[in-house]
Amino acid sequence: MQFDYLLRKVFFAVITLIVVIVFNFFLFRILPGDPVKLLFRNPRLTREAQELIRVQFGLDKPVWLNIERLSAGDIPGALDSQFTAYIHNLLQGKLGISFTNRQDVGEVLSERVWRTVLLVFSGELLAIVMGVVVGLVAAWKRGTAIDSAALFIGLLTWALPTFFLGIILLILARGILPTGGMVTPGLAEEGTLEYWIDVGRHLILPSLTLAVVSASGYMLIMRSSVVEVLSEAYILTAKAKGLSNARILFSHALKNAMLPMITIIALTLGYVVGGAIQVETVFSWPGIGRLIYDSVAKQDYPVLQGAFLLLAVSVILANLTADILYSVFDPRVKVT
Amino acid sequence: MRSKSKKFVVAMLIFAMLGLGIVVNAQDATTTLRIGTTYMIDTLGPGSGYYGYDIRGLFYETLVEAADNNNVEPGLAESWTVSDDGLTWTFKIREGVTFSDGTPLTAADAAWSINWIIENQVVSMVSYLAFVESAEAPDATTLIMNLSEPVSNMISSKLLYVYILPPHIWEGKTAEEIAEFNEPESTIGAGPYHLVEHQPDEYMILEANDNYWRGQPPVDQIIYQQYSTEDALVQALAAGEIDLAKVLPTSGVQTLEQTENVQVIKTTGLNFLQLSMNVSEDGTQPASMRDPQVRLAIDHAIDREQIVTVGYFGLAEPAEILFPPAMAQWRNTDIQIVPFDIAEANRILDEAGYADTDGDGIREDADGNPLEYRLAGPDSDAYYPRILEIISDGLSQIGISALPYTQSTESLTVLQVDYDYDMILWDWGIDADPHFLTSVFTCAEMADGGWNDTGYCNPEYDALFQTQATATSDEQRRDALWKIQQMIFDDRPWIILVYPQAISGYRSDRFTFDPNLPNALLKWGLFTGFSIVQ
Amino acid sequence: MLEVRGLSVDYLSNGTALHAVENVSFKVEKGRSIGLVGESGCGKTTTMLSLLRLLPADGRIVSGQILYDGMDLLQLSEHEMRGYRWNRIAIVFQGAMNALNPVRKIGDQIAEAIQLHDRLDNRETRQRVGELMEMVGIAPERARQYPHQFSGGMRQRAMIAMSLACNPDILIADEPTTALDVMIQAQILDLLQQLQSQLGLSIVLVTHDLGVVAELCDDVLVMYGGKVAEYGDVDTIFNNPAHPYTRRLLEAFPDVDSPTSTLASIPGYPPPLDNLPAGCRFEPRCYRKTDLCTAVSPDVIEIKPRHFVACHHAEE
């Protein structure tokens, strides 16, 4: 049963992935404009040089099918297109070469992804812990001043623009914590303790910003989830058993209230590799979010395709994880 | 309980380390100049990179070099002569120069580099060698370049960007390999610094080239650190994390001027704000936009003083001439600013026959089409909408309706390429040499991928452009360029609005920079207008 | 054993106090059982929750005493009160509904109460859980299962097993047979009866089902509109009801052996808490009402020994 379930889930994941791969290719090519013209809108680049670049990146080829060759009955010639080159490279595990910096997209992404995961993961983790704890307390103290305060602060931070909060924190911590980047250049050898302390210092402001902004979402969901659970009959049973408030909250309410959170958390973590564009921008964090943002402006198709593929794969995996986790946490969900 | 309190102590220790950390690196013997920037470099290799000229300038030497006040100084070439027909250039190459890896640099390497760029069509540099047919080195100190046509800005512009590279690094590579060679060795040149570490989009660490021909570079290490926004640069400079930021936002000036140990430099540099008018024959603009009298009236209705105050916090000056004051050598100073004069603008439109026939407050042309225009600007900065608003207000007082809106620079570029707009506000940063700027208005640039954004096409103009391009004397070139500036002023495909001040800043507790040095000339500036504060 | 004296409970709603229970008194002797009967909203559930001080946050006990072996539970601290819950007085909620935690194993839920109050080690606890489950007729292996793997009747049995975990003196059963089918209802009632005699339990049965009361209870407390209508032993109440409401109830419920009948057939509705009549609460629906009933609320009087009625016309 369980095996069947997994097999089916994996099958659908693969189908989704194939759709994503095809969609991924065309998505960026329907953007208006010409990447070469935009990329190299540089007075020092002649038209001949632009043409050369176009050939180098295969942008002189038709996007989908070479219609002329097809009508001439030349099937291999007809297939000589940007799309077939994309698929061909992908099958070999190659994501292509960035239009802008000529680096291998796979390398660019693997350099960036752990930085983004470090930032977003620590930020979201902090947000989840804060959200769950405050949500739990607010729900338990429903209607009291504590609850009102939690709701007020929650809604306030929910409405607070990330950019604004980031800048405020940046100005407040100026001189105490670094204003941007992930490391102090030239300070320490990568991998040493000093290096990691330096990274930690750079991480505090951006992850805190991210945490404060996303915590309120978790808090509000957690609160309503706990409020709902606390009205359930089994909570009254637990109370009648003579359990203390803390025991009731942690051994009866929490697990049930966490069920809707599991899906949200798993999916959020799936988007972790997508980065947090605003936070990465304010704090000059060299992550995937910034990369995607910059690449859109430059129409750097190979980087965008690579990044979105990475994002799609991790979201698909996160979905799968959420399904499996849910069946572990909630005995009522039959794995069928 | 005990293990809990132990954990707590450890946690506090870690927190303390993070909090206090190593804020200041131990004072060591090396001096470091930390430069903050929003953009460092695209590709490391010079074969395919288009951005980061200031950094590349520290890696590589060129025959001649940009110096202060837009002058050109000798570089690897000590001196040069050009034949009367302008087709043969002879350079005397400096002796005793070595690349940063220790190999000597001779005229033969210079000739090899030039031929190599031409033969392999190295995209980043080949355009500067247009009309250069070949180069040769009859001896170790003589370089001869043969041209098919005279090039007026060979020294003032073209050769500033042609790097003399070490053949032993680049020889034997195919054109494609050249474009994709991005290893650290690709940065070996004869410049004052060489690369030690590069984290793309994060930072670059450069170390001094002890064999540099001008002598020991003034600082041992230069670190470029990339920030995502200009606002972050302001904070980083104020916090003392960086020593120099060459491009700062006007919004940061007040903060920085109040910060101790920060010196702000304001210069009127090589940039201007301009309004592109769609004058194309096959554009989508209303026909009235093609009438020079309408464009003159619009010019009169723009309150430049208000743009300076509201848009730039006073850090700009009203403009009218295509060439900013920094291009003094070529600048047509006869051109007088068009005064902000609503009455005069109305008079011009009345005279040209644009009257408000239906009484709705908007004038119509002879065919009854209202003077309604799209007024666009980029959404990349907060001052664009403010300026668009000022322009729109002025136009509404002369019976022209112009609804201001902003869009991404990418979409605006697309609109402009298709001449599908009426008026677009743009910021321009230009070369000290006027060749590129003046090429924008030629008919040839209207072709696909070209730079002619207004559809202005005038054979008379093209002839003047050709004259300035191939002039063999400065007088001849200046004459053509003065006429060009007058023509653009009269025909108004562009209305030049203001010259914004370029803002840069540095830590005066660590270094001093000569405030007269234009921002871009870091390499020259390091050896002339720079000193370390002890 | 357990005596309730003059219990009054208010609910606070938008700043006004709603009188949900007023001046209710009754007694539960050791080994005897009492049925709390009435329509929805009559205050029987509020009364039951008050016994263990489990009222929702907006509920307040405004006056009265709840004496357990002479000790007033209302005077205890919350911490002390916890020691009485389940240990002395346990509740059987409607197990067929959501009274069991869906994400915890049945055995763990039973064990939780044992470990809380009796401080047994794991092995002893497991053994006790097994005994309890056998006592209610469930195979001990099923302790490892979750509530959703049990049928409705099984869940009710598990709930009963759980309630007996700490050998309580008093068992409160809240609609223990509602939502179960007839066969299972009978089994559960048999089980409760058997356990009562076996363990000498006192039972407080809260129900709207007179059939259940007739089968299980020694005494009956009929409530209407938050007040006591009539209180006496089963024989008296079923054979000589003195309150018009009790009579109506019994008339609406002609066959004691047919537990499927309900109370729905009395015309009219119970009074809403925010709009209680000035006089007798039942007056608007009463077939014997007089001007006196409209004006004055009747006191509870003992018309015969151990037969209490709140009605101006009780003697007739």
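The values are calculated or read from the model by the stated rules, or taken from the named source; none is laboratory data. Computed from a predicted model, the values in this text were never measured in an experiment. Note that we place each Cβ from the backbone using ideal geometry, even for glycine, and neighbour counts take in every protein chain shown. Just the protein is used for accessible areas: all its heavy atoms, side chains included, with ligands, DNA and RNA removed. Shrake-Rupley method; radii C 1.70, N 1.55, O 1.52, S 1.80 Å.
Only Cα sites of the protein assembly as shown enter the Debye sum here, all with the same form factor; the resulting log10 I(q)/I(0) across q = 0.08 1/Å is -0.95, listed in q order.
Based on the reciprocal of the average 1/r between different C-alpha atoms, the Kirkwood radius for the range C:267-316 equals 11.7 Å.
When its C-alpha radius of gyration is set against 2.2 N^0.38 Å (N residues), the range A:209-295 gives a value of 1.54.
Average the reciprocal distances over every distinct pair of alpha-carbons in the range C:8-54, invert the result, and give the Kirkwood radius in Å. Intermediate values should be presented prior to the final figure.
Working: mean 1/r = 0.0829 Å⁻¹.
Kirkwood radius, the range C:8-54: 12.1 Å.
3J(HN,Hα) along the range B:247-253, derived from phi through the Karplus expression 6.51 cos²θ - 1.76 cosθ + 1.60 where θ = phi - 60°, amounts to 10, 10, x, 4, 5, x, 4 Hz, with x in place of Gly and Pro. Mean projection of the Cα convex hull over all viewing directions, computed for the range B:197-339: 14.4 nm².
Backbone phi angles across the range A:76-85, fed through the Karplus curve with coefficients 6.51, -1.76 and 1.60 (θ = phi - 60°), yield HN-Hα couplings of x, x, 5, 7, 7, 10, 4, 5, 5, 5 Hz in residue order; Gly and Pro are listed as x. In this structure the amide hydrogen of C:Ala173, modeled in the peptide plane, comes within under 5 Å of the amide hydrogens of C:Val92, C:Val204, C:Leu205, C:Val206, none closer than 5 places in sequence on its chain. Sorting the Cα pairs of chain C by distance into bins of 20 Å, from 0 upward, gives 32, 57, 11, 0 percent per bin. For chain A, the longest principal axis of the Cα atoms and the long axis of helix A:254-270 meet at an angle of about 10 degrees.
For Cα pairs less than 8 Å apart in space and 6+ apart in sequence, what is the mean separation divided by the residue count of chain C, i.e. the relative contact order in percent? Display every interim value, and only then the final one.
Working: 600 pairs, mean separation 64.5, N = 316.
20 percent.
Only helices enter this figure: runs of n ≥ 4 DSSP H residues, each worth -39500 (n - 2.57), summed and divided by the residues of chain C, yield -9000 deg cm²/dmol at 222 nm to the nearest 500.
Calculated on the alpha-carbon coordinates, the convex hull of the range A:51-209 measures out at 234 cubic angstrom per residue.
Taking amide H positions as modeled 1.01 Å from N, with prolines and chain starts lacking one, the residues under 5 Å from B:Val72 and 5 or more places away or on another chain are B:Ala67. Here the accessible area of chain C is 48 percent carbon and sulfur, with a 1.4 angstrom probe and all protein chains present.
Throw me the Rg/Rh for the range B:411-493, computed over C-alpha atoms with Kirkwood Rh, two decimals.
Value, to two decimals: 0.98.
If one takes the longest principal axis of the Cα atoms in chain C, at what angle in degrees, from 0 to 90 and to the nearest 10, does the Cα axis of helix C:122-135 lie? Orientation of helix C:122-135: about 50 degrees from the principal axis. To the nearest 100 Å², how much accessible surface do chains A and B hide from each other in total, with a 1.4 Å probe? Summing both sides, the interface buries roughly 4900 Å².
For B:Ala471, nonlocal amide neighbours, meaning residues 5 or more places apart or on other chains whose placed amide H falls under 5 Å from its own, are B:Ser152. Between helix B:459-470 and chain B there is an angle of about 20 degrees, using the helix long axis and the longest principal axis of the Cα atoms. Go from 0 up to the bin containing the longest alpha carbon distance in chain B, width 20 Å each, and give me the % of pairs per bin. Histogramming chain B at 20 Å steps yields 19, 48, 27, 6, 0 percent.
For chain A, what is the Kirkwood hydrodynamic radius in Å, using each pair of distinct C-alpha atoms? Don't skip to the answer; put the middle values down first.
Values: mean 1/r = 0.0427 Å⁻¹.
Across chain A, the inverse of the average 1/r is 23.4 Å.
Within straight-line reach of A:Lys9, meaning a Cα separation under 18 Å, sit the following lysines at least 8 residues removed in sequence or on another chain: A:Lys334.
Pairs spanning more than 23 Å between alpha-carbon atoms, out of B:Lys158/B:Lys523; A:Lys241/C:Lys227; B:Lys92/B:Lys158; B:Lys246/B:Lys483; C:Lys27/C:Lys304; A:Lys241/C:Lys105: A:Lys241/C:Lys227; B:Lys246/B:Lys483.
For the range B:270-280, the Karplus equation 6.51 cos²θ - 1.76 cosθ + 1.60, evaluated at θ = phi - 60°, returns couplings of 9, 8, 8, 9, 9, 10, 7, 10, 6, 10, 5 Hz by residue, with Gly and Pro reported as x.
Can you give the Rg/Rh ratio of the range C:162-316, where Rg is from the C-alpha atoms and Rh is the Kirkwood radius?
1.00
The Rg/Rh ratio for the range B:130-199, using Cα coordinates for both the radius of gyration and the Kirkwood hydrodynamic radius, is 1.01.
Please compute the average number of Cβ atoms from other chains found within 10 Å of each residue's Cβ in peptide A:163-169. Show your work: numbers first, answer last.
Working: counts 2, 0, 0, 1, 4, 0, 0.
So the per-residue partner count for this stretch is 1.
Placing +1 on the Cβ of every Lys and Arg and -1 on the Cβ of every Asp and Glu, with no other charges, gives the protein assembly as shown a dipole of roughly 6720 debye about its Cα centre. Legend: Rg and Dmax of the range A:142-284, from Cα coordinates, 19.9, 63 Å.
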